[in-house]
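The values are calculated or read from the model by the stated rules, or taken from the named source; none is laboratory data. The structure presented is a predicted model; accordingly, all values stated were derived computationally and were not measured. Here the Cβ positions follow ideal geometry from the backbone for every residue, glycine too, while neighbour counts run over all protein chains shown.
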Amino acid sequence: MTSIWEIKDDEYLYRNVYEKFHVKKGKLHWKAFEPPAVPPDRLRSNEISTLRPKYAIEEFVTYLGRQYSKGRDYAGFFRISSNNINKRHPKMWVDSTPFGDVDLKVCLCSHADIRCDYPSEQEKAVPPEFLQILKELSREAELCYYGA
Amino acid sequence: MEILEANNLDTVLVMKEKARGVTDEADVLRHNFKNAIKLYTETSVTTEMSVNHLLKLKSLTKEIQGYTNEVFMSDFTISKRVADNSIEVINAINSEYLDYLSESEITPGVNGTISIEWENDDEYLILDIGNEYATYFAQLKDGNNEQNAHLVFRNKELEELNVVLSKIF
């Protein structure tokens, strides 16, 4: 029996994207795969949060996407299989990272991270091999819900 | 390190409107680049005016504001040094290749870099400009590629960008 924490290669992942940042001429921009900066020092993190449609309906994904930006510039989400991530580079992989709420005593398995383990020093340019990886991923991912 | 905020998209839009007789997006970009470079070189590089002008130019890239920290930085900043380096790069690139750029191809990185992307069907060059060096990856025809993990900001070295771009366009 498969554990709910196990992410198989054929499992899809969803991540919300925003018009002005992640979509270029109707296509997904490679920046959509760049790990976001994290306060307070705003260094680039090494993870990209995603949702697992196996455990999160699309309405929940789009709801969260609109919540983050208060509805502004929301463009939909992209989907990509975990295999596309894992096969890419030894320093890039999908990790099951459940999040929970202690007060509610719940733990959600619908969350996963794309780990992107490259140097994240402030103002240091992205290594070329990762520029290639991020670009290839943006071409392989499917932009969903776009324009809806 | 001097850090300034780039947060005035309205100024950028006004700049675009003032680009008289220029309607093509790439031409607008080149026009604004040239204006920025001209202003930048005509005034002291240490003046706040020139730096702010450059940063407003940079904000052509994106309107960055107001989102939650999970998704975006709420107040994007870029250092003068990265701005200087970007000017060096733009100055070094042949104007014909600037024609291929539109606003959406110049984007700020989440950790304060600026990236520029040229794309022609399956071929592309992505350049990321940092504080000490730039990096690039270029996908060329027939699966060939070129890359540089440490491109310094000197004319002689930056000329290789034109060489790579000539293979794409």
- Residue under evaluation residue B:137, criteria (1) away from chain A (no Cβ under 12 Å); (2) touching an Asp or Glu at 6+ places or on another chain (Cβ under 8 Å), criterion not met: (1)
- Item | Residues being within 18 Å of residue A:143 (Cα to Cα) and either of a type in the set (A, V, I, L, M, F, W, C) or modelled with pLDDT of 90 or more (or both) - total across segment A:64-111 | 12
- Sort out which residues of segment B:108-161 are within 15 Å of residue B:90 (Cα to Cα) and aliphatic (A, V, I, L, M), and write them in order of number. B:114, B:116, B:125, B:126, B:127, B:129, B:134, B:151, B:152, B:158, B:161
- Task: Could you please let me know if residue B:138 is at pLDDT 85 or above, closer than 19 Å to residue A:24 by Cα and of a type in the set (Gly, Ala, Ser)?
- Result: yes
- Message: Condition (residue is acidic (Asp, Glu) and part of a loop (DSSP other than H, G, I, E, B)) applied to segment B:100-108: is it met by at least one residue?
- Response: no
- Query: Regarding residue B:114, is this residue within 13 Å of chain A (Cβ to nearest Cβ), at pLDDT below 95 and touching a strand residue (DSSP E or B) at 6+ places or on another chain (Cβ under 7 Å)?
  - Reply: yes
- Query: Does residue B:117 satisfy the condition of being outside any strand (DSSP E or B) and closer than 25 Å to residue B:81 by Cα?
  - Reply: no
- Scan segment A:127-142 residue by residue and report those that are among the β-branched types (Val, Ile, Thr) and touching a Ser or Thr at 6+ places or on another chain (Cβ under 6 Å). none
